[in-house]
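Beneath this line is the structure, given in structure tokens, with notes to follow.
The values are calculated or read from the model by the stated rules, or taken from the named source; none is laboratory data. Just so it is clear, the model here is predicted, and its values are computed rather than measured. Cβ placement follows ideal geometry from the backbone for every residue including glycine, while neighbour counts extend to all protein chains displayed. Surface accessibility is based on the protein's heavy atoms, side chains included, excluding ligands, DNA and RNA. Shrake-Rupley method; radii C 1.70, N 1.55, O 1.52, S 1.80 Å.
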Amino acid sequence: MALGALISAYQEDEQGGLRALLPLAGRTLIEYQARCAAVVGAAPIIVLVERIPADLNEAFERLRGEGIAVLAVTDGSEAASRFEAGALILQLADGLAPDVPLLSRLAELAEPAVAVVPDDQAHQDFERIDATSRWAGVALVEGHVLGATAAMLGDWDLQSTLLRRTVQAGARRVAAQDTGSGVLLARSADDLADFERRLLVSTRGDRPDWSSRYLLPIIEEFATERLMDTRVRPGWLIALALVLSFAAAFCFSRGWLWPALGLLPSLRLQPLPPRHLARRMLWPAAGLALLALGWWAANHGGGWGAFFAAVMAVAFAEAGRIEKTGSNLPAQPWLLSRRNGIFIAVPFAAAGWWVPYLAALAGYAAVSFFVLQHLRHRLAKSV
């Protein structure tokens, strides 16, 4: 079923500016909201506005430059017309700093749902739903409900009215505190100051491989904090990592082994859309670099076995990637990943054992594939 996103961006902050333009991680809140929606597969992303100041238009242009298509509309009827018939729509509240795991959980549902937080002092800024719950700022609504709400809206607020109609229709409730690190409703720039740090800290438990979890956290967090203060876009860094990966493949083919290995590591950057082309190309680029290393080793004393080991490593790695695609397997940090494969090369490279590295990597990839296959089959039997 198609999934779209509707983001409200018309309420003002304490200084009279738009909440959507509050600064977050070197950009604006609306950019972070749109990226989060894109990460969970929402398209199109519609932003409901009353006016488009220059800063907001610049934010939209930056998003479009990253391949995230956003469209601004000024009323509910126009917003409803932008979604496919029967689509589910991820509704994000004005000023919400969303939590990606929570968005992912809602996006996986096939029915209307409303994320809720307790009606307590800590959540007094959130909109009350009933005597015990408040809206967490995220909901999954049906397209026809949006259309019907817009048609009868009058002078009422679309965001609140759409929420009320979804709740009254018996939408499923999802406790926001049970998923991710929590949501934040920002009314001023100060509200987002701690959230920036939380974005970095919260990724520690979600790092999918042992190299990211145990070797890179300090480096990644330091570099990311510095990049937040610049105008460098995450997409640019991913594109740079892709170029460096192809450069590494060339260096491997020429026998410049240490420079090639040094070109391969890259930072984890989130959230980025899963359809981001440069991000998707990092995996095949790493495979090309590995094949180039195998080709060089085969022609410099390793024989055909070196290239065969590289081919097997690539084949099993790709089979493992396919095995994980579309499954709900828990994270397995000790299995093969692009970064793990790069970092285990370091001790072999220090000893000059490039052919044994290729053989070890092929074995690592094969074991990882069979473990994933076993886990997936076990999961299928338990359903």
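Could you tell me which residue of segment 145-184 is nearest to residue 100 (Cα to Cα), considering only residues that are part of a strand (DSSP E or B) and touching a helix residue (DSSP H, G or I) at 6+ places or on another chain (Cβ under 8 Å)? Before you say what the answer is, go through the steps one by one.
Let us first name the residues in segment 145-184 that are part of a strand (DSSP E or B), namely 172-175, 184.
With the extra rule that they be touching a helix residue (DSSP H, G or I) at 6+ places or on another chain (Cβ under 8 Å), the set shrinks to 174, 184.
Details: 174: 14, 184: 12 Å.
Filtering first and then ranking leaves 184.
Is one or more of the residues making up segment 135-143 in contact with an Asp or Glu (Cβ under 6 Å, 6 or more places away or on another chain), of a type outside the set (Gly, Ala, Ser), at pLDDT 95 or above and open to solvent by less than 50 Å² (accessible area, probe 1.4 Å)?
First, pick out the residues of segment 135-143 that are in contact with an Asp or Glu (Cβ under 6 Å, 6 or more places away or on another chain): 135.
Filter once more, keeping what is of a type outside the set (Gly, Ala, Ser): 135.
Add one more test, that the residue is at pLDDT 95 or above, and what stays is 135.
Remaining after also requiring open to solvent by less than 50 Å² (accessible area, probe 1.4 Å): 135.
Yes, there is a match, as at least one residue in segment 135-143 is in contact with an Asp or Glu (Cβ under 6 Å, 6 or more places away or on another chain), of a type outside the set (Gly, Ala, Ser), at pLDDT 95 or above and open to solvent by less than 50 Å² (accessible area, probe 1.4 Å).
(1) closer than 22 Å to residue 147 by Cα; (2) among the small types (Gly, Ala, Ser); (3) in contact (Cβ under 8 Å) with a residue 40 or more places away in the chain: which one isn't true of residue 20, the others all being true?
For residue 20, the failing item is (1).
Condition check ((1) outside any loop (DSSP other than H, G, I, E, B); (2) within 19 Å of residue 160 (Cα to Cα); (3) touching a residue at least 24 places away in the same chain (Cβ under 8 Å)) across all residues:
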| site | (1), (2), (3) |
| --- | --- |
| 32 | yes, no, yes |
| 50 | no, yes, yes |
| 64 | yes, no, no |
| 91 | yes, yes, yes |
| 111 | no, no, yes |
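Only one residue in 161, 132 is among the polar types (S, T, N, Q), open to solvent by 50 Å² or more (accessible area, probe 1.4 Å) and within 27 Å of residue 177 (Cα to Cα). Which one? Steps first, please.
Working: 161 fails: open to solvent by 50 Å² or more (accessible area, probe 1.4 Å).
Among 161, 132, only 132 is among the polar types (S, T, N, Q), open to solvent by 50 Å² or more (accessible area, probe 1.4 Å) and within 27 Å of residue 177 (Cα to Cα).
Checking the condition touching a Lys or Arg at 6+ places or on another chain (Cβ under 6 Å), surrounded by fewer than 20 Cβ atoms within 10 Å (Cβ to Cβ), assigned to a helix (DSSP H, G or I) and at pLDDT below 80, which residue from 213, 197 passes? Give the derivation first.
Values: 197 fails: touching a Lys or Arg at 6+ places or on another chain (Cβ under 6 Å).
Exactly one residue qualifies, and that residue is 213.
Only one of 43, 38, 69 is open to solvent by 40 Å² or more (accessible area, probe 1.4 Å), in contact (Cβ under 8 Å) with a residue 12 or more places away in the chain, within 17 Å of the chain's Cα centre (by Cα) and farther than 17 Å from residue 143 by Cα. Can you tell me which? Even if it seems obvious, please write down each step before you answer.
On the way: 43 fails: farther than 17 Å from residue 143 by Cα; 38 fails: open to solvent by 40 Å² or more (accessible area, probe 1.4 Å).
So the residue among 43, 38, 69 that is open to solvent by 40 Å² or more (accessible area, probe 1.4 Å), in contact (Cβ under 8 Å) with a residue 12 or more places away in the chain, within 17 Å of the chain's Cα centre (by Cα) and farther than 17 Å from residue 143 by Cα is 69.
Only one residue in 58, 50, 14 is open to solvent by 50 Å² or more (accessible area, probe 1.4 Å) and over 22 Å from residue 159 (Cα atoms). Which one?
Details: 50 fails: over 22 Å from residue 159 (Cα atoms); 14 fails: over 22 Å from residue 159 (Cα atoms).
After ruling out the rest, the residue left standing is 58.
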